[in-house]
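A.B. asks: Let me begin by handing over the structure; questions about it come next.
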Amino acid sequence: MMDSMDDNHFAMKPMLEETFYILSKKNTVYRVKLTEKGLCLQKENNGTIKTETIALCDIIGCRCMRSKRRSENNACACRPSSSRKNDPRVVDENSVDKDENDISAFLYIYAYVLKNCKVKSGQKRERMTITLRFRSFDKYDDNMKEAQKWRSAIKYLITSRYSPQISPGMSPTSGPFESAVIENKVFFIINPKSGVGKARDIFQQRVVPILTEADINYDIHVTRHAQDARNLVRSQDMNQYGGGLVVVGGDGILFEVINGLMERMDWEMVIERIKLGIIPCGSGNGLAKAISYAYNEPHDHNPVLISTLNVVRGVAAPMDLVRVQTESQVYFSFLSIGWGLLSDIDVESERLRAIGSQRFTIWSVARLIGLRTYKGRLSFVRIPADRLPLSRNGSSSFLSRSISECVDVNSSMYPSNSFGDCLNLETSSEVTDCMRRRDSFYSVASRRSTYLSAAGSSYQSLVDAPASRTPRMYGPASRLPPLSQPLPQDNWEVFSGEFVMVHAVYQSHIAADCLFAPDSRLSDGVIWLCVIKAGISRAHLLQFLLGLSTGTHVNIAQAEFIPVSAFRLEPLSNTSLITVDGERINDNSLQAEIIPGMANVLARRS
Ligand SMILES: Nc1ncnc2c1ncn2[C@@H]1O[C@H](COP(=O)(O)OP(=O)(O)OP(=O)(O)O)[C@@H](O)[C@H]1O
């Protein structure tokens, strides 16, 4: 089944060790060891020894079960099944359906391991279940004790890899915020209207089963209208959500959440301590892709899975925010600020929302045909090349104009495994089937504790949202002069004239299929300003737009990429649109400055 060798790992001092057998394979013995690196399986077959490892960082949880009583009704369900249904042979320890005559205890271990894709080159993550059946003892209680010992050790190893204060399912122990935290739940905010409107189904069908496997305790809120998430997080008690505040939707709903948090008086503590997450269900989904790109995770095959695994692992990585000052408001942005071509496409294609991310392609063609230019002034503080962080390949692709390719994910530990299969091992003689569990909002196994119904949810645009007094925005003070005052002359450069677009980006991706700033990292303190002035030919512009998916647009000479720490944009025409994180804002001028590593996002960070 697995052929990856890891003898060094097997030689590590094990925390637990046991020998298991597989009935169907005579003369095959598995010596299973649990070490700090993960689960080592040493297979001995007719004198041949193979050692395989399931890395701890790939294991998300485990669960003890016992045999289910067999009845005529469920007899047929005992056949092996590849569906995501509960294993019909086992039940929870306290179930009324348990088989009192079977003394075995089962431990199900859930892992999501890297696997090479057969069709496309690259990798993906696939679910793997390892079933250990304990029946060396004569009594069920003793076998269950043994299974529990393994479960506790695995759980301990999983949780100790996070920061102990803020990992899901664990109670924090020290510090001012931690002592206030009573529970480390995850709070999911679902936008049922994001993307093509499938967020709720995606959460129920693809996220909840993984949360259940990982034993994550969580609450849910389904938004009812635009600004609902923002209003909620502004006043919500966050002390219990040490596991994370996760949006199930697009970048727009995360923008609402971040800005809602910044409207809290305790913003500083909350933004520092709360881990933000995103399960991509929107149209653009730039941040989810940027997080995977930063940590070389194989995102495209299954973005929802990869992002959910980030949540259950519970590890946070710092992320830059940008403080945006307009004539009337302050915003905190994590992705981009746009003016001109790309913002027009983003906002105007909204009417094609029903067709998903294709709307951007269709509208790009339309805008290219009816190309517009806008008058304005752009001022910025350039970051000198010697102060730029090194790119992923050791240089700056923008400065050298070399194409930065996506870095391949690490080579697979299991190149020829058929994961998605299960490995069933036992201390004596029978083989069990895999357990592919499915859960729902209403499942008893689910640890969901609050479900705020979205009955009456309606689609409302920002302008239709219920009117309320504008709350005060807190956050770090600006280092820039007020927008109404002139900028200092010394370190500010100025471009004036006609522009096709200005797009300021601080993550690698502004949409899942748009590698806008290949060298950008989650927390590098750099805003990449892409400036295209009037005069560019349509052919070059087309080349630019086509290159966005791979990052080759950085080679178009007419598109300048400037690393900056702050900028001011003053459009001189009031017909132009400005977007912040893809959301349209109503003001005409703005200035922005980067605040390095201000927020924390859930990411697969080793
Ligand atoms: N229940 C709701 N009904 C209508 N609009 C909502 C609701 N909840 C949130 N919104 C608004 O929907 C907008 C879009 O949401 P979201 O970002 O989740 O999806 P998207 O725009 O499809 O994705 P992306 O931002 O990645 O392109 C947000 O501006 C948000 O304010």
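Just so you know, all these numbers are worked out from the coordinates, no wet-lab data involved. Computed from a prediction, not measured in an experiment: that's the story for all the values here. Neighbour counts are summed over all protein chains in view; Cβ atoms, including those assigned to glycine, are modelled from backbone coordinates with ideal geometry.
A.B. asks: Looking at this model, which pairs from LYS68/LYS139; LYS37/LYS155; LYS37/LYS124; LYS124/LYS289; LYS13/LYS37 are more than 19 angstrom apart at the alpha-carbon?
C.D. replies: With Cα atoms farther than 19 Å apart: LYS37/LYS124.
A.B. asks: Then there's this: Please compute one quarter of the surface area of the Cα convex hull for segment 476-522 and express it in square nanometres.
C.D. replies: Approximately 5.8 nm², given one-decimal rounding.
A.B. asks: Let me ask something additional. What are the extents of the Cα atoms of segment 245-332 along their three principal axes, in Å, largest first?
C.D. replies: 42, 26, 20
A.B. asks: Determine one quarter of the surface area of the Cα convex hull of segment 186-314, which equals its mean projected area, and express it in nm² to one decimal.
C.D. replies: For the Cα atoms of segment 186-314, the hull's average projected area reads 7.2 nm².
A.B. asks: Taking each pair of different alpha-carbon atoms in segment 484-579 once, compute 1/r for the pair, average those values, and report the inverse of that mean as the Kirkwood hydrodynamic radius in Å to one decimal.
C.D. replies: The Cα-based Kirkwood calculation yields 14.6 Å.
A.B. asks: Right, next: Any idea how far apart ARG69 and MET15 come out in nm if each label point goes 7 Å out from Cα toward Cβ?
C.D. replies: Rounded to a tenth, the inter-label distance reads 3.6 nm.
A.B. asks: Between ASN46 and ASP138, what length comes free when the chain is fully extended (0.36 nm per residue of separation minus the Cα-Cα distance, one decimal in nm)?
C.D. replies: Stretched out fully, the ASN46 to ASP138 stretch lengthens by 30.2 nm.
A.B. asks: Under the 0.36 nm per residue contour assumption, what length would be gained going from the current alpha-carbon distance of GLN329 and ARG479 to full extension?
C.D. replies: 52.4 nm
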